[in-house]
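I have placed the structure first, in the form of structure tokens, so that the comments after it can refer back to it.
Every read-out reported here was derived from the displayed coordinates using simple, explicitly stated rules and does not represent laboratory data. Since this is a predicted model, take the numbers as computed values, not measurements. Reconstructed Cβ throughout: ideal geometry from the backbone, glycine too, with neighbour counts over all protein chains shown.
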Amino acid sequence: MSVRLYVGNLPQTFDAKELEALFTNVGEGVRFKTVTDRETGACRGFGFANVDDQKLAETVIEQLNGRDFGGSSLRIEISERRDARSGAPAERRNGANPNAARKANNKVVHADTVDGESPDPRWAGELAKLKSLLANQTVGV
């Protein structure tokens, strides 16, 4: 299955063959398309790369994210598909709640966690207070 990568922080003018050479040095099976301004044809500073598999995508990110290209530090990450009409992430389409618990890799990811591993740092203080309050409550008979 193909993986789509966001490639950001591109200079307005650059040699596409140089960028393709960077991707080719990492591995075969990377196809890149820059996003250009409709009126001027200049690069809008980002594009997308389609990579043949997840392992190659991770290698591309590891080797090229933060690398200098044309005086800019490349930003490469897995692309989040967006709804074409609203621009919102695809998971938010049709009123879906992005904070609702969802299953990923056979584990439930809750809204108070990041990647299902640790509490979201934005809510860590509040979560600690709630846990403390719950621990100090006594059950009435």
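Mind listing which GluC sites (Glu not before Pro) in the range 14-84 are in a DSSP loop and have 14 or fewer other Cβ atoms within 10 Å? Display every interim value, and only then the final one.
Values: sites: E18, E20, E28, E39, E58, E62, E77, E80; in loops: E28, E39, E80.
Sparse-neighbourhood loop GluC sites (Glu not before Pro): E28, E39, E80.
Enumerate the calculated ³J(HN,Hα) couplings along the range 28-44 in order (Karplus 6.51 cos²θ - 1.76 cosθ + 1.60, θ = phi - 60°), each rounded to whole Hz, writing x wherever the residue is Gly or Pro.
With coefficients 6.51, -1.76 and 1.60, one gets 7, x, 10, 10, 10, 9, 7, 9, 10, 5, 5, 7, 9, x, 6, 4, 7 Hz.
In a shell of Cβ-Cβ distance under 11 Å around G8, excluding G8 itself, what net charge do Lys and Arg (+1) and Asp and Glu (-1) give? Numbers along the way, then the final one.
Numbers: positive: R44, R75; negative: E77.
My count for the surroundings of G8 gives +1.
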